[in-house]
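Below: one structure, written as structure tokens.
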Amino acid sequence: MRSETRRDRYDSKIKNGEAKSFPISLCAINFQCDENLAYLIRTAACFGSTDLHVIGSIPSYEELRRKSGTLNHYVNLHQYSTPSQFLQYARQTGMGVISAEIEDGAKNIHNYSFTDAISRYGHVCIVVGNETSGVPVEILNSSEKVFIPMPGLGFCLNTSQTANIMMYEAVKQIQQEESRVVVYKPNLALCQY
């Protein structure tokens, strides 16, 4: 049986320089299911993202802690009231916005270069849509669009599953260019909300 806590193990990875971070973040749109936001926190932390942008409400600290495997301590949450506020932040910081959406003109994830996007913007944010309504049109009109092909019977994934696949592909491409990897240095002061 392990004597150390999850936080002890996470802190050890940071201290030993094993935890990497990448110039990529996630954005959630007013999720209906609190678990999905907690799962996105876990996805962000596991794939080396230090930031999660949330358009809409944020569940209680305790709810996020329980469902995220206590990884909410390591991911900065940035909250916005509207898609316009998020887009204004993206423009001000030069952050590229990539929407995960099944949409005319969207690029197949297999043909999309996240590393090229990072070269253009310096930092990119993958937006995953609301469980029912998807990514707002305002964001779609101001972003690059990428879809995940689904050759089976179903036609859409749960939003947290979409985030997992998008982050996996982005980090896979980034790791092929090792010069982009930096040691994880979270600003824990920003993690309070």
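Any read-out appearing in this document is the output of simple, stated calculations on the displayed coordinates, not a laboratory observation. Being a predicted model, the structure only gives us computed values, none of them experimental. Using ideal geometry, Cβ is built from the backbone for each residue, glycine included, and neighbour counts are taken over all protein chains shown.
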Subject >> Ratio of the Cα radius of gyration of the chain to 2.2 N^0.38 Å, where N counts its residues >> reply: 0.99
**OP:** State the Cα centre-to-centre distance between the range 101-116 and the range 7-71 in whole Å.
**Re:** 24
Subject >> Long-range amide H partners of Met95 with built H, under 5 Å >> reply: none
Subject >> Sorted peptide list for 34-46, 58-70, criterion being average Cβ within 10 angstrom, highest first >> reply: 34-46, 58-70
Original post:
Between rounded, prolate and oblate, where does the range 13-119 land on the alpha carbon gyration tensor, with a ≥ b ≥ c its root eigenvalues, rounded for a/c under 1.5, else prolate if a/b exceeds b/c?
Top reply: oblate
Original post:
Given H placed 1.01 Å from N in the peptide plane, which residues other than close sequence neighbours of Asn76 have an amide H under 5 Å from its amide H?
Top reply: Asp51, Leu52
Original post:
For the range 23-191, what's the relative contact order in percent, using C-alpha pairs closer than 8 Å and at least 6 residues apart?
Top reply: 29
Original post:
Relative to the present Cα-Cα distance, how much length would full extension add between Gln88 and Asp116 at 0.36 nm per residue of separation?
Top reply: 7.8 nm
Subject >> Gained length - Glu4 relative to Glu63, 0.36 nm times residue gap less alpha-carbon distance >> reply: 19.0 nm
**OP:** Measure up Lys145/Lys172; Lys20/Lys145; Lys13/Lys172; Lys20/Lys172; Lys13/Lys145 against 23 Å on the Cα-Cα distance and list the ones that go over.
**Re:** Lys20/Lys145; Lys13/Lys145
